[in-house]
Amino acid sequence: MGKAKVKLEKDLMDKVKKYAELAGYSSLEEFVTHCLEKEISKLEESESEEEIKKKLKGLGYIS
Amino acid sequence: MNKLNRREFIKLSLTAGSFLALGGSSAPIIKASGKKETPEKLIILGLDGMDPHLVDVLMNQGKLPNFRRLQSLGDFRPLRTSTPPQSPVAWSNFITGMNPGGHGIFDFLHRDPERYIPLFSAAASEAAKSAIKIGNLVLPLSGGKIKNLRKGRAFWQILEDHDIPATIFKMPSNYPPVPTKQQTLSGMGTTDILGNPGLFNYYTTEFLELKEDIGGGRIHEVYAIGNKVEATLPGPRNSFKKDRPESWLDFTVYLDPVNPLAKIVIQDEEFILKEGEWSDWKSVRFPMIPTQSVPGICRFYLKQVRPEFKLYISPINIDPSAPALPISTPPAYAEELAKKFGGFYTQGLPADTKALDHGVFDDGEFLEQDNFVLQERMDIFDHELSRFESGLLFYYVSSTDQRQHMFWRYIDQEHPLYDPKLASIYGKTIESIYIEMDRMLAKTMDKMDKNTILMVMSDHGFTPFRRSFHLNSWLKENGYLNLINAWKQGEEDLFMNTDWSRTKAYAYGINSLFINQAGREGEGVVRPGAEKEALVREIAQKLEQVKDPQTGERIVSRAFVAKDIYRGRYVEEAPEIIVGYNRGYRASWSTPLGRIPKNLVEDNKEKWSGDHCMDPNVIPGILLVNRKSKVEHPALYDLTATILDVFNIEKPEEMIGKSIF
Amino acid sequence: MWIFNSIFGKIFEIIFIPFRSLSPWVGMTLISLLTGLLMLLIFRYTSNQEGIRKVKNKIKAHLLELRLFKDSLALSLKAQGNIFRSNIKYIGYSGKPLLVMIVPLILILIQLNFWFAYQSLQPGEITILKVKVQEGQNILDLELKIEPPRSLAIETLPLRIEEQQEINWRLRAKEGGLHSLVFRINGQSFVKKVSVAQKPLSRISPLRVRRNFIDELFNPGEAPISKDIPVKSIEVKYPNKNMNLFGWHIHWIIVYFALSIIFGFALKGVLKVEI
């Protein structure tokens, strides 16, 4: 599996470290991965803009 | 031999299970609501879009004798509509007895301020909260839901508290139907099984300029090979699978080599149509996973066999005999109607205005299709009227509205699409639907006794829609909205090319205008408070002065500031300004979805030629009632208070109307 | 074959005569009862009754053993092995009667399908009429005429599907009755029966076939079409029918097997049959 590095500002990094430990994550990676996954799944769940547009266009008042 | 299918197997095991669970008693019977005998009976006919001016003219010509008769028994008045006068808003006023500040429906569309995307204002679907994923399969642990976003209680819920029975047929803005034991069937806002307002499918061998996905329909290019056409019917997305792929059904059409006939074979259905013929309702089931499929019903129209093959399939409606989504209360009400009448349109606005707009239907074909809708309505109306004995019966008709939208171009000689030749054929379409309603009224009046109060009402009237106004372009021209790339203007919608950091206001929906407010919008810049207040007043004032360069007429007769006109708990959620267009003008087709064309005003060249999304003062609805109205200028929300008054129920505090009696 | 079919078919007709106007459940109950009895008799005379009794006793004994010696793993395992072996033996004993039963059962099922699987058309209802033509015939040139009685209407011109050697029409039922559609082809004629608004329990034959053993066996409702006529089969599509149990629609075959088995078990004591 490929790995990539992401740069974080120091302030944020400190916070991440602090809360990862507080929340009981075993590593920083685990915490960050979890956060990203959660955020992505939220986006995936919501309808795509294209799909929304298509539906709205079905209404007589809109074209 | 007759095959035993999976569904029957499941049903069998369910039967066995429920049989044991119920100790052998029969299936549960759903209890109908309040059976109290009421001394007063109330019948309300809700005829969408009936215009007081037209009613007056036709009555004077003696063409609406029963309207006249009803007037002579009581009153006929223009009925003040909602601001803005859009059907979902107006009917919500009527349902709740409040204005949009109280029920939270401000336009057909609202927007997600965070993402600047438009959404339907009436209902939202929520995915299942949790699910197990196994490979490509997604098994939801809780059901996904559709939520009715209208706030406030519906008057039939209040009637229920007092044990007054009510039947509410196809009330708009009530999807999914709010929980009640009353008999209700959802109306405008009810989607097809794909979650669209209605998506038709059109199959043709003809080369068309139209793209595959057009608003409200899908065009499929097909080939007739050896007198056989093979095609697919798209179904709902399969939420049991990863990435929710679209489901579909294959079907085959066999053409006779010479005779203008075709046989369509789709799942268990097999039927022959002549050219120009419609099928009755056909059932289809879209398989999702082995134990789950989504049922729906649709009608087929064989427009042409040769030289080019043309087949139209109606939007796939929720099957009332086995609703995949909630459309009635009690749930068995839809099934009961299906048992008696077979399939019927459950889709909110079934007239296929989009098929007519895109040229898939001609005027005659559109009317034939909407006649099916009307006939189904009338059949069920006869049934409901004949068994109505106590409480309230509300019955809704959509054809009045839809036909005025599409055929106004034949009664308005100034309309850009007016065609004298076609007007000689279709010029009486609108008049005929008014006369049809007069017949409906006649039947209703026959049923009336001395304790019956009869109201005929509409949510708004109608005016021509000749010229369209690009509200977002006006905002841009006046510096309230700025683009990222000026040269790209007009190419993108959903404000894709908008520089939000330099944008103060934007318009989504048909009458709504929003301020790009800091802390509310994703990239808001206008600070709430005095800054915003001043900006709102400034824009409203400027809008009221905009003139059509071609005619010199004012385009906006009133720009309403929401907080001046709304009352209730949800005023904060309102758009800042509600644009009331002058007679003949409306927001352009580009405005609702956030497109910013280069010009400001242009002719409306769509067949959708009559409209009502204007200044509410321009297009009141109607009220005819067999009692005198004490209120001089009654409004929609006054009728809600009146309903409660008829049954001696005290009006809840949040209702703003007063009884007309 | 047709002689056998018509006699066998008559038997069912006679059995069902008194119940035709009643709910199909009555006829179904009766025929399941008769089937239960028939199966018991077959079982009794074709199986090794003594063997079955013995092996069942053995199973019971081993089951008891299992409970008594549940603390001893060795004994439990042995008993389980014995139960398994006896079960195999038991299945072996019932194999023969099952084989004997299968022939009459299939014949019965074919007949019952006509009584319980289809619903006659209702006045006003439309359906498809299909004629399958012999291979080698050009269906576009075929001079096939239909003469519908007044109570039926052919609503379309013929729709010819060359790929399937098939001609279809849309048929509308107008009045109740058992009607005859007359077909004329090359100077010869033949008939297809069409059932409209028949009693709740009625024999409905969707398919009339050409003379051929297998086809006739499975479609015994109408006499076969003569071999001189270049037609393979004629079909009227009838709506499917299900047994209605408190609003649940169940396939008749499930009801039939369930009831037959229930009756079989209920009566095995009376008839002293070991199963």
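Among the residues of segment B:596-618, none qualifies, meaning not one is more than 30 Å from B:His415 (Cα to Cα) and part of a loop (DSSP other than H, G, I, E, B). Out of A:Lys15, A:Lys5, one residue alone is farther than 30 Å from B:Leu119 by Cβ, at pLDDT 85 or above and of a type in the set (D, E, K, R). It is A:Lys15. Restricted to segment C:191-221, and to residues there that are crowded, with 16+ Cβ neighbours inside 10 Å, of a type in the set (D, E, K, R) and under 27 Å from C:Leu22 (Cβ atoms), the residue that is farthest from the other protein chains (Cβ to nearest Cβ) is C:Lys193. For first residues located in segment B:617-637 and touching a residue at least 60 places away in the same chain (Cβ under 8 Å) and over 19 Å from B:Ile453 (Cβ atoms), partners that are among the β-branched types (Val, Ile, Thr) and part of a strand (DSSP E or B) and lie 6+ apart or on another chain with Cβ distances below 9 Å form the pairs B:Val618/B:Thr463; B:Ile619/B:Thr463. Identify the residue in segment B:375-407 that is hydrophobic (A, V, I, L, M, F, W, C) and surrounded by 22 or more Cβ atoms within 10 Å (Cβ to Cβ) and, among all such residues, is nearest to the other protein chains (Cβ to nearest Cβ). Result: B:Met406.
Report whether or not C:Lys89 is of a type outside the set (Ser, Thr, Tyr) and either within 14 Å of chain B (Cβ to nearest Cβ) or without any contact (Cβ under 8 Å) to a residue 12 or more places away in the chain (or both).
Details: of a type outside the set (Ser, Thr, Tyr): yes; either within 14 Å of chain B (Cβ to nearest Cβ) or without any contact (Cβ under 8 Å) to a residue 12 or more places away in the chain (or both): no.
Criteria not met by C:Lys89.
One line per residue, one yes/no per condition, for (1) away from chain A (no Cβ under 12 Å); (2) under 20 Å from the mean Cα position of the chain (by Cα):
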site	(1), (2)
B:Ala90	yes, yes
B:Asn93	yes, yes
B:Asn99	yes, yes
B:Arg115	no, no
B:Pro118	no, yes
B:Ala123	no, yes
B:Ser130	no, no
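Among the residues that make up segment B:547-570, is at least one of them of a type in the set (S, T, N, Q) and without any contact (Cβ under 8 Å) to a residue 40 or more places away in the chain?
no
Elements of the type helices (runs of 4 or more DSSP H) sitting completely within segment B:403-507 and holding at least 2 residues that are under 26 Å from B:Leu639 (Cα atoms): these cover B:429-447. Under the condition of being among the hydroxyl-bearing types (Ser, Thr, Tyr) and farther than 17 Å from B:Asn511 by Cα, the residues counted in segment B:90-126 number 2. Among the residues of segment B:408-430, are any at pLDDT 95 or above and within 14 Å of chain A (Cβ to nearest Cβ)? Within segment B:408-430, one or more residues are at pLDDT 95 or above and within 14 Å of chain A (Cβ to nearest Cβ). Considering segment B:311-359 alone, what residues qualify as being out of contact with any Asp or Glu (no Cβ under 6 Å at 6 or more places or on another chain), assigned to a loop (DSSP other than H, G, I, E, B), within 14 Å of another protein chain (Cβ to nearest Cβ) and over 20 Å from C:Gly247 (Cβ atoms)? Answer for segment B:311-359, where residues must be out of contact with any Asp or Glu (no Cβ under 6 Å at 6 or more places or on another chain), assigned to a loop (DSSP other than H, G, I, E, B), within 14 Å of another protein chain (Cβ to nearest Cβ) and over 20 Å from C:Gly247 (Cβ atoms): B:Ser314, B:Gly348, B:Leu349, B:Pro350, B:Asp352, B:His358, B:Gly359. Of all residues in segment B:40-57, those that are at pLDDT below 95 have Cβ atoms under 9 Å from Cβ atoms of residues that are aromatic (Phe, Trp, Tyr), 6 or more apart or on another chain, in B:Glu40/B:Phe647. Of the residues in segment C:178-190, at least one is more than 25 Å from B:Gly226 (Cα to Cα), away from chain B (no Cβ under 14 Å) and free of Cβ contacts under 8 Å to residues at least 12 places away in the same chain.
Determine whether segment B:510-525 contains at least one residue that is of a type outside the set (Val, Ile, Thr), on the phi > 0 side of the Ramachandran plot and in a loop (DSSP other than H, G, I, E, B).
yes
Listed by position, the strands (runs of 3 or more DSSP E) contained in segment B:62-122 that have at least 3 residues being more than 17 Å from B:Pro620 (Cα to Cα) and out of contact with any His (no Cβ under 9 Å at 6 or more places or on another chain) are B:109-112.
From the list B:Pro350, B:Pro315, the one residue that fits, being touching a Gly at 6+ places or on another chain (Cβ under 6 Å) and at pLDDT 95 or above, is B:Pro315. Taking the numbered list (1) assigned by TED's automatic domain parsing to the domain that holds C:Arg203; (2) surrounded by fewer than 18 Cβ atoms within 10 Å (Cβ to Cβ) in turn, C:Val133 passes all entries but (2).
Scanning segment C:222-253 for residues that are within 14 Å of chain B (Cβ to nearest Cβ), in contact (Cβ under 8 Å) with a residue 24 or more places away in the chain and either touching a helix residue (DSSP H, G or I) at 6+ places or on another chain (Cβ under 6 Å) or more than 15 Å from C:Gln119 (Cβ to Cβ) (or both) gives C:Glu235, C:Met243, C:Trp252, C:Ile253.
Against the numbered list (1) in a loop (DSSP other than H, G, I, E, B); (2) over 19 Å from B:Pro118 (Cα atoms), B:Asp564 comes up short only at (1).
What about C:Phe257, is it free of Cβ contacts under 8 Å to residues at least 12 places away in the same chain and within 13 Å of another protein chain (Cβ to nearest Cβ)? Even if it seems obvious, please write down each step before you answer.
Numbers: free of Cβ contacts under 8 Å to residues at least 12 places away in the same chain: yes; within 13 Å of another protein chain (Cβ to nearest Cβ): yes.
Yes, satisfied.
Among the residues of segment C:92-120, those that are more than 14 Å from chain B (Cβ to nearest Cβ) and touching a residue at least 12 places away in the same chain (Cβ under 8 Å) comprise C:Tyr93, C:Ser94, C:Lys96, C:Pro97, C:Val100, C:Met101, C:Pro104, C:Ser120. Restricting attention to segment B:157-171, does a residue exist that is within 14 Å of another protein chain (Cβ to nearest Cβ), surrounded by 22 or more Cβ atoms within 10 Å (Cβ to Cβ) and under 19 Å from the mean Cα position of the chain (by Cα)? No; the residues of segment B:157-171 include none that is within 14 Å of another protein chain (Cβ to nearest Cβ), surrounded by 22 or more Cβ atoms within 10 Å (Cβ to Cβ) and under 19 Å from the mean Cα position of the chain (by Cα). Among what's in segment C:8-47 and is over 16 Å from the mean Cα position of the chain (by Cα) and β-branched (Val, Ile, Thr), pick the residue that is surrounded by the most Cβ atoms within 10 Å (Cβ to Cβ). Ranking the candidates gives C:Ile42 first. Looking at segment C:222-234, is at least one residue in contact with a His (Cβ under 6 Å, 6 or more places away or on another chain) and buried (at least 17 other Cβ atoms within 10 Å of the Cβ)? Looking for residues that are in contact with a His (Cβ under 6 Å, 6 or more places away or on another chain) and buried (at least 17 other Cβ atoms within 10 Å of the Cβ), one finds none in segment C:222-234, hence no. The residues on offer are B:Thr191, B:Thr184, and the sole one that is surrounded by 15 or more Cβ atoms within 10 Å (Cβ to Cβ), more than 22 Å from B:Asn238 (Cα to Cα) and either more than 14 Å from chain A (Cβ to nearest Cβ) or not basic (Lys, Arg) (or both) is B:Thr184.
For every residue, the table says whether it meets (1) without any contact (Cβ under 8 Å) to a residue 24 or more places away in the chain; (2) crowded, with 21+ Cβ neighbours inside 10 Å.
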position	(1), (2)
B:Gly427	yes, no
B:Glu431	no, no
B:Ile453	no, no
B:His460	no, yes
B:Trp474	no, yes
B:Leu483	no, no
B:Asp499	yes, no
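With the structure loaded, tell me whether B:Lys211 is surrounded by fewer than 22 Cβ atoms within 10 Å (Cβ to Cβ) and within 14 Å of chain A (Cβ to nearest Cβ) or whether it fails that test. Criteria met by B:Lys211.
The values are calculated or read from the model by the stated rules, or taken from the named source; none is laboratory data. All figures in this text were calculated on a predicted structure; none of them were measured in a lab. Reconstructed Cβ throughout: ideal geometry from the backbone, glycine too, with neighbour counts over all protein chains shown.
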